Every structure is written in structure tokens, then in C-alpha cells.
């Protein structure tokens, strides 16, 4: 039977010319004045195209690719080719930064775009009768390739109850494809939010610094190292040797 050349050729063409699509979602986010906002934009099948950020209804862009157009150092783009993210970061937020931001990929039909509404709020006045917010993070310092990585973060709050997760400075979001799950649990009585970050099948690239940040801008970092098979065996051998020596074995007896 002859191969279906037409079908194979068409398949190859479609693979090379796949339409970009968003993995992140549109929505509303809120930050306090003076804080740093991270607007997430994750795009697959970008190819050689450029990602453009702009604030509506302005026509002029804020960024094209990683090039910044306004003379404002508060803006920057966080890009990681492995995660396909093109996140817009805005430092030292002002009330004037409130508005709708658009992440788009230029196209003839102008349909490849995603909107995020950013609201900048005044910081709540401190209640002298309440203790200041507290944040904590916990997890394994060492884990093994293929293991499920679980990190927990708890934070008390005064205003908005939310926690953002970052890995080496990049915003993390739940993703079935990447095996990332983020689940939050709230306690209205103690005004505490408990957030659990789970990464299935850790890889060597999962080693790094994980950060949880509350809406009140309190931050905690946690460093995790993922061991390879050889490193795990060497680590376990070291533990056994140390325990053996601490028990008094292996010492040379000196005779008078």
C-alpha cells in the first residue's frame, strides 16, 4: 500500500503552523499600592511570533517580546522558554496602574489575545487590637527524582485572603500538563489561608527556590534540592556511615 503522502504532508504543515493558544486564563487580580503585580500570560505554539503587552485602550505597547517601550523601570517581562510564560511585572504599583491589560499575539483576525484586569487598592489601616500577619512555609529540603513534591504555606491575613506561588521568581499556576496543583483552604475564624503546592514526579529541574507570597505582601522562601538516583544512594550511605560511627562502631581501640 502506498503511503498517504498528502495526509502526511498536511500533518507536517499543521505541526509547523499550529495556532498559538493560551494556557493561562483571563481574570481579575488585586494588589495593594506599592506592591509588585505579576500578570500571567502562558502561550503554547508561539513559534517565531512576538508577545505584546499593552494597557487598554492605549494603542502603544508596553512590551514587544522582551523589549520595553515606556521609559519606566517599574515594568519588565519574565520569560521562561520551558514554561512558555511571558508574564508582565509591575513594581511599586500606583493607583494609576489600575486597568485592563492585554497580552496578545499579532494575527490577521486579532483574536489571539487575553485580558487581565488589575485593581490597585489602598492598604488597610492596621488594627492595633489584632496581631500582625504571619506567614510560614514547610516542605522537604531534599527529595528524589520521580517523587511527588509537596510544599505548604500558611498565612494570616488582614485584607484579601490569597497566596501566590513562585519558582525561582516565576509565577506558578495549576497545570494538569505540567503536573502542578495548587489548592487553598480558608479559616474565617483564625483569618488564615492554607495553600498546598504539589508537583507530581519531580525532575532535576525542580530544584530551586520556592516562594509563597500573601496578599498582604508577606513572603517566605524555601530551597529544595532534587537528588538523582546516584546522589540519593550516596546520601543514604552517608547517613548510615554517620549513624554507625555515632554508635561507637568502627573506632580503633588504642592499647596502653
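We did not get these values from a lab; they are worked out from the coordinates using the rules stated. Computed from a prediction, not measured in an experiment: that's the story for all the values here. Every residue, glycine as well, gets a Cβ built from its backbone with ideal geometry; the counts of neighbours run over all protein chains shown.
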The FRET efficiency for residue 228 and residue 66, from their Cβ-Cβ distance with R0 = 22 Å and rounded to 0.05, is 0.10
Quick calc, residue 194 & residue 80: beta-carbon distance into FRET formula, R0 30 Å, rounding 0.05, result 0.65
If each of residue 142 and residue 94 carries a label point 7 Å out from its Cα toward its Cβ, how far apart are those two points in nm? 5.1
Could you give the nm distance between label points at residue 45 and residue 205, where each point is 7 Å from its Cα heading toward the beta carbon? 2.1
Expressed as a percent, the portion of alpha-carbon pairs in the range 19-121 spaced more than 24 Å apart is 16
Give me 119, 185 sorted ascending by neighbouring Cβ count inside 10 Å, so fewest comes first. 185, 119
Across the alpha-carbon set of the range 135-230, Rg over Rh with Rh taken as the Kirkwood radius works out to 0.99
